[in-house]
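Data block below; observations after.
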Amino acid sequence: MEEILMLKNVSVFYGEHPVLKDVNMGIRPGRILAVMGPSGSGKTTLLRALNGLLWEEPEAEMKGEICLLGRDTRTMDREELRRRVGLVFQTPQPFPFSIYKNMTYAPRYYGIRKKEQLEEIVREKLMMAGLYEEVKGELSKSALKLSGGQKRRAALLRALWAGCDTLLLDEPFTGMDPETMKKAAALLKERRGERAVLLATHDREAIRELGWRVIDLT
């Protein structure tokens, strides 16, 4: 089975300071890979390199090669790369409108317009994330008023609906209590489909419990 993402001797420098050094790895469709390490070990830098955001930082230099389905990502259009390699940041921000509109944004983008169908999608998505009972009476409320854990689960839902080949998650379980973390992890496992999922985390306990493959940057 061909790897969706392949990294070959990837190193990142800020001036003379190396943040990543000779990272080699591949990730296949339908797999979840956890990148671990303490703060400052380069986890977020790695995600930004994979998504192409590192190109926006003039002080950063990357050596080596990152390939998406055999294509060197540096030869790809940036908009195409970011559409195909989605990134959910550590502190996700919902769109500044209602919970309902946040949940229907992607379905509408993909052409779904019928009210009944959209309502069913919202219900199913919120139930998947364990959010339905928490917010079912408040769908018109601004999504910006959700708690931190709720925002992370909502952002994960939005990302899983998008048609990306690879999903990158930066510290997705930060600030979640154990029960909320289990709901988010179950959602990720159930809905990953054929996309590759790469998540950066320092939570060794959570990853041990989830049993995902691990790359350690320490």
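The values are calculated or read from the model by the stated rules, or taken from the named source; none is laboratory data. Just so we're clear, the structure is a prediction, and the values are computed from it rather than from any experiment. FYI the Cβ positions are ideal-geometry reconstructions off the backbone, even for glycines, and counts take in every protein chain you see. Heads up: the accessible areas ignore ligands, DNA and RNA and are worked out on the full protein's heavy atoms, side chains in. Shrake-Rupley method; radii C 1.70, N 1.55, O 1.52, S 1.80 Å.
In this Cβ point-charge picture (+1 for Lys and Arg, -1 for Asp and Glu), the chain has a dipole of about 740 debye about its Cα centre. Among the protein heavy atoms of region 1-96, carbon and sulfur supply 48% of the accessible surface, probe 1.4 Å, non-protein parts ignored.
For region 100-213, relative contact order (Cα pairs under 8 Å, six or more residues apart, normalised by length) works out to 26 percent.
Centroid-to-centroid, using Cα positions, region 160-218 and region 59-128 are 16 Å apart. Of ALA60, ALA196, ALA143, the residue with the greatest mean-square motion in the GNM of the chain, using alpha carbon springs below 10 Å, is ALA60.
Scalar couplings 3J(HN,Hα) for region 98-107, obtained by applying the Karplus form with A = 6.51, B = -1.76, C = 1.60 to θ = phi - 60°, are 5, 4, 4, 5, 5, 6, 9, 4, 5, x Hz; x denotes Gly and Pro. GNM, the chain, Cα, under 10 Å: largest mean-square fluctuation among GLN90, GLN117, GLN150? In this elastic network of the chain, the residue with the biggest mean-square fluctuation among GLN90, GLN117, GLN150 is GLN117. Shown are ASP203, ASP170, whose ranking by accessible area with a 1.4 Å probe and every protein chain present, most to least, is ASP203, ASP170. Amide H contacts of ILE215 (H built 1.01 Å from N, in plane; Pro and chain starts excluded): ALA34, VAL35, MET36 sit under 5 Å, all sequence-distant by 5 or more or on other chains.
Taking each of LYS114/LYS183; LYS8/LYS43; LYS43/LYS125 in turn, the alpha-carbon distance tops 27 angstrom for LYS114/LYS183; LYS43/LYS125. 3J(HN,Hα) couplings calculated from phi for region 155-161 with the Karplus curve 6.51 cos²θ - 1.76 cosθ + 1.60 (θ = phi - 60°) are, in sequence order, 5, 5, 4, 4, 5, 5, 6 Hz; Gly and Pro show x.
Summarising the overall dimensions of the chain from its C-alpha atoms, the Rg and Dmax are 17.7, 57 angstrom. Where only DSSP H runs of four or more residues are counted, the chain gives -11000 deg cm²/dmol as its mean residue ellipticity at 222 nm, each run worth -39500 (n - 2.57).
Measuring max minus min along each principal axis, the C-alpha atoms of region 93-218 give extents of 48, 28, 22 Å (largest first).
Between GLU2 and GLU65, the modelled labels are 1.5 nm apart [label points 7 Å from Cα along Cα→Cβ]. Per-residue Karplus couplings for region 23-29, computed as 6.51 cos²θ - 1.76 cosθ + 1.60 with θ equal to phi - 60°, are listed in order as 7, 10, 6, x, 9, 9, x Hz, Gly and Pro entered as x. A dipole drawn for the chain from +1 and -1 charges on Cβ atoms has a positive end, and of MET103, LEU157, CYS67 the residue lying farthest that way is MET103. Accessible surface calculations at 1.4 Å, restricted to protein heavy atoms, place the chain at 51 Å² per residue.
The GNM of the chain, with springs linking C-alpha atoms under 10 angstrom apart, assigns the highest mean-square fluctuation among ARG123, ARG113, ARG31 to ARG113.
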